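Remarks on the structure that follows.
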Amino acid sequence: MKGICSIVLDKDKVFLAFACKKGKSYFFLKEEEIIIPFENNDIIKFLNSNISLIDKKIRESEKNFSFKTEELYLQSPWELTNARSVNDTIPFQKKQKVTSKVVSQAKKYLEDKFLDWDEQCLHHIIFDYYLEGQKQTKVPLGMVTRKLGLNSFIFSVKNNVYREIEGAFENIDRDFTALIAPQIGIFCSVPLKPQLDLVAVSMGYEKTYFVAKIKNCFYFDKGFDFGQKDIIQALAEKFMITPTLADEVFRRYASFRETPYSKEITIKKEDSYLQVSTQSLNIFLKDFIKNNIADIIEKIKEKTSKADFILSFVGRLNEKEGFYNFLREILGLEIIIPIQASAVSSALGCLDYGFYRHFEKILDNNAPFLQRIVNTYHEYF
């Protein structure tokens, strides 16, 4: 079978999502993780030191699921990814019919104008088109105009970073397909609702990020200082245990469902034992998490100037029982489950966007049949 793999780096782990192609779609296989810290944000040094371990995990999955990886995506770290909102008008020498080729040329014009000479475009997502001053939210294919305006977002990284990432994968005989912006990987981890205001929140080890699409515009932030690390630290301080032991307790016993008071767990400390009811444990955890998530949501509302939206949550808490109902209870928002409910990273969103390119495809239905095939599948040639 033909396989797809995506890789996401967090401060404490590497996450990998695997899928197999099925016609024009794919079916998800599994999300894996490797405990390799990514601490100093030097992605090139990290890959050069750990690429063989990542390749080993890929080969294990290829063997277990009987596929060969044909597409390989890496989610770019937030610190390395540039994002620009751009708006400009491209004049033509004479009236032209808008085709997919004309739109592609207009996008290239904006990229050349707004990107620095040493930057490489990852994604160019158009929100609005303007023809003779008239706003169009859909691609105005077939319409005739003397100038074409675009309102769009461009995501980019430095050329040398992209080349060195490609080189790291070449060293293990892997063909690197593309780098995916983290904003896109997170947002595409949830079911897309094109006509609705949607916010995707992703909680990692140290930070929580959000990506919102409100009225044809992206909103995001460099991250809030809240993650699994803070939950573990709070648990350690509350019960006076080591962070390592607190991490084990969190993994084994944390739940957002109601738990009977009579159920107790015994925690072995250095030279003594601590009896804790699971209800007391989870009440503390829920209160701590509730306060932090509620604060983040309020900041998102301020950032987007929007008080009501659909929310989806991706991250370390997704695998805990009752988490989505817990969110509905504390936030009063419509909550939708990610495309993979138990996913604890945006690796599948990274894979999903790499495969489908939801926001960047321009299908010219007026073009000849063979040309439409090339436009749709050009990335495979």
Only one of K222, K301, K268, K207 is more than 28 Å from the chain's Cα centre (by Cα) and not polar (S, T, N, Q); which? K268
Just wondering, is there one or more residues in the range 234-243 that are touching a strand residue (DSSP E or B) at 6+ places or on another chain (Cβ under 9 Å), in a helix (DSSP H, G or I) and outside the structural domain of V14 (by TED's automatic domain parsing)? yes
Where a residue in the range 275-297 is in the same structural domain as E329 (by TED's automatic domain parsing) and outside any helix (DSSP H, G or I) and its partner, wherever it lies, is modelled with pLDDT under 90 and charged (D, E, K, R), with Cβ under 6 Å and at least six apart: Q275/E264; S277/E264
Within the range 358-381, is there a residue that is outside any helix (DSSP H, G or I), over 26 Å from F127 (Cβ atoms), modelled with pLDDT under 75 and touching a helix residue (DSSP H, G or I) at 6+ places or on another chain (Cβ under 8 Å)? yes
From T259, T266, grab the single residue that is among the hydroxyl-bearing types (S, T, Y), in contact with a Phe, Trp or Tyr (Cβ under 8 Å, 6 or more places away or on another chain) and either surrounded by 14 or more Cβ atoms within 10 Å (Cβ to Cβ) or outside any loop (DSSP other than H, G, I, E, B) (or both). T266
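Just to be sure before I move on: is T99 buried (at least 17 other Cβ atoms within 10 Å of the Cβ), at pLDDT below 95 and either within 30 Å of N40 (Cβ to Cβ) or not small (G, A, S) (or both) in the structure I sent?
Criteria met by T99.
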Which of the residues spanning the range 298-330 are of a type in the set (A, V, I, L, M) and in contact (Cβ under 8 Å) with a residue 12 or more places away in the chain? I300, I310, L311, V314, L317, L327, I330
Residue by residue through the range 40-75, note down the ones that are touching a residue at least 12 places away in the same chain (Cβ under 8 Å) and of a type in the set (S, T, Y). S52, S61, S66, T69, Y73
Inspect all residues belonging to the range 154-164 and state whether any of them is under 22 Å from L351 (Cβ atoms) and surrounded by 24 or more Cβ atoms within 10 Å (Cβ to Cβ). yes
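The values are calculated or read from the model by the stated rules, or taken from the named source; none is laboratory data. Everything numeric here is computed off the predicted structure, so don't read it as measured data. For neighbour counting, all protein chains shown are included, and Cβ atoms are generated from backbone atoms with ideal geometry for every residue, glycine included.
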